[in-house]
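Enquirer: My questions all concern the structure below.
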Amino acid sequence: MIFYRVVRAIVLSVCKVLFRVRVVGRMHVPKDGVYVVAPSHRSILDIPFAAFVTRRRIRFMAKKELFSTRFGGWLFSHLGGIPVDREATDRAALRVSVAALEAGEPLAIFPEGTRHHGPVLGDLFDGAAYLAAKLDVPIVPVGVGGSEKILASGKILPRIHKVVVVVGEPVVPPPSPARRRPRSEVHTLTEVLRERLQACFDEAQAAAGVDPPSESAARAAERSEGA
């Protein structure tokens, strides 16, 4: 835990200076208890940017390739990373995630699964909603604006650009006496998350001075298709 705090302090201090990171809506992060953090995903740097929302250690799901080397495995494990196989349903990663939440640690899951491009969220997976419903914990949507301008997927050299992190109102699973939630309820929770996360992402992107809001982009695309 001390290692995480030291690394977090160093990395976030550098990010704060270089990328002028600003957090909006931090009051929406629960002060105690556990929760699932659901950030938008446009850059590998979204991991440290999401860590700006709380001083607590956030366990995070990350692609197993980051753990493939001896150093990578040691580093990301000590930082709270949970390796996940994105090509299949990784039940081992799911069990570790459940254990982390039950142990009282917040958990971050990128609901888009992998990095996407542009102002509109990719299809969301049900992982965040499933864990939230299973353990009856809130989901905190986090839109990260500007990170794609710094280091997008496929790019090697980062650029300097302002970053704004917008925290939305938590998505709370409806009360249920049953521990096992129906799949339809999990899908519905995912759709609520999509709406709130897209709103956070739109606000973050606009504040960071990048892509237009998704609604404007969608209307432009419709006009283009109709031309």
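The values are calculated or read from the model by the stated rules, or taken from the named source; none is laboratory data. Keep in mind the model is a prediction, meaning the values are calculated, not measured. All Cβ positions, even for glycine, are placed from backbone atoms using ideal geometry, and neighbour counts span all protein chains on display.
Enquirer: Condition (residue is touching a residue at least 12 places away in the same chain (Cβ under 8 Å) and touching an Asp or Glu at 6+ places or on another chain (Cβ under 8 Å)) applied to the stretch 149-159: is it met by at least one residue?
Expert: No; the residues of the stretch 149-159 include none that is touching a residue at least 12 places away in the same chain (Cβ under 8 Å) and touching an Asp or Glu at 6+ places or on another chain (Cβ under 8 Å).
Enquirer: Would you mind telling me which numbered condition in (1) within 19 Å of residue 40 (Cα to Cα); (2) out of contact with any Gly (no Cβ under 8 Å at 6 or more places or on another chain); (3) not basic (Lys, Arg) residue 65 fails?
Expert: Unmet condition: (1).
Enquirer: Hey, another quick one. Just a yes or no: is a residue in the stretch 142-149 under 23 Å from residue 93 (Cα atoms) and within 17 Å of the chain's Cα centre (by Cα)?
Expert: Yes, the stretch 142-149 contains a residue that is under 23 Å from residue 93 (Cα atoms) and within 17 Å of the chain's Cα centre (by Cα).
Enquirer: Okay, moving on. If residue 131 satisfies every condition in (1) out of contact with any strand residue (DSSP E or B) (no Cβ under 8 Å at 6 or more places or on another chain); (2) assigned to a helix (DSSP H, G or I); (3) more than 24 Å from residue 5 (Cα to Cα); (4) not polar (S, T, N, Q) but one, which is the exception?
Expert: (1)
Enquirer: Among the residues of the stretch 101-111 satisfying the criterion of being surrounded by fewer than 20 Cβ atoms within 10 Å (Cβ to Cβ) and assigned to a loop (DSSP other than H, G, I, E, B), which is farthest from the chain's Cα centre (by Cα)?
Expert: 103
Enquirer: For the stretch 185-206, indicate whether the set of residues that are over 21 Å from the mean Cα position of the chain (by Cα), of a type in the set (A, V, I, L, M, F, W, C) and either farther than 10 Å from residue 119 by Cβ or modelled with pLDDT under 90 (or both) is non-empty.
Expert: Looking for residues that are over 21 Å from the mean Cα position of the chain (by Cα), of a type in the set (A, V, I, L, M, F, W, C) and either farther than 10 Å from residue 119 by Cβ or modelled with pLDDT under 90 (or both), one finds none in the stretch 185-206, hence no.
Enquirer: When you scan the stretch 12-22, how many residues do you find that are surrounded by fewer than 17 Cβ atoms within 10 Å (Cβ to Cβ), hydrophobic (A, V, I, L, M, F, W, C) and touching a residue at least 40 places away in the same chain (Cβ under 8 Å)?
Expert: Number of matching residues: 2.
Enquirer: Out of 34, 98, I need the residue that is among the β-branched types (Val, Ile, Thr) and either closer than 21 Å to residue 204 by Cα or in a helix (DSSP H, G or I) (or both). Which one?
Expert: 98
Enquirer: Right, next: Out of the residues in the stretch 115-130 meeting the condition of being under 17 Å from residue 101 (Cα atoms) and either small (Gly, Ala, Ser) or at pLDDT 95 or above (or both), tell me which one is surrounded by the fewest Cβ atoms within 10 Å (Cβ to Cβ).
Expert: 127
Enquirer: Please go through (1) farther than 19 Å from residue 193 by Cβ; (2) touching a strand residue (DSSP E or B) at 6+ places or on another chain (Cβ under 8 Å); (3) assigned to a loop (DSSP other than H, G, I, E, B) for residue 55 and return the number of the only condition it doesn't satisfy.
Expert: For residue 55, the exception is condition (2).
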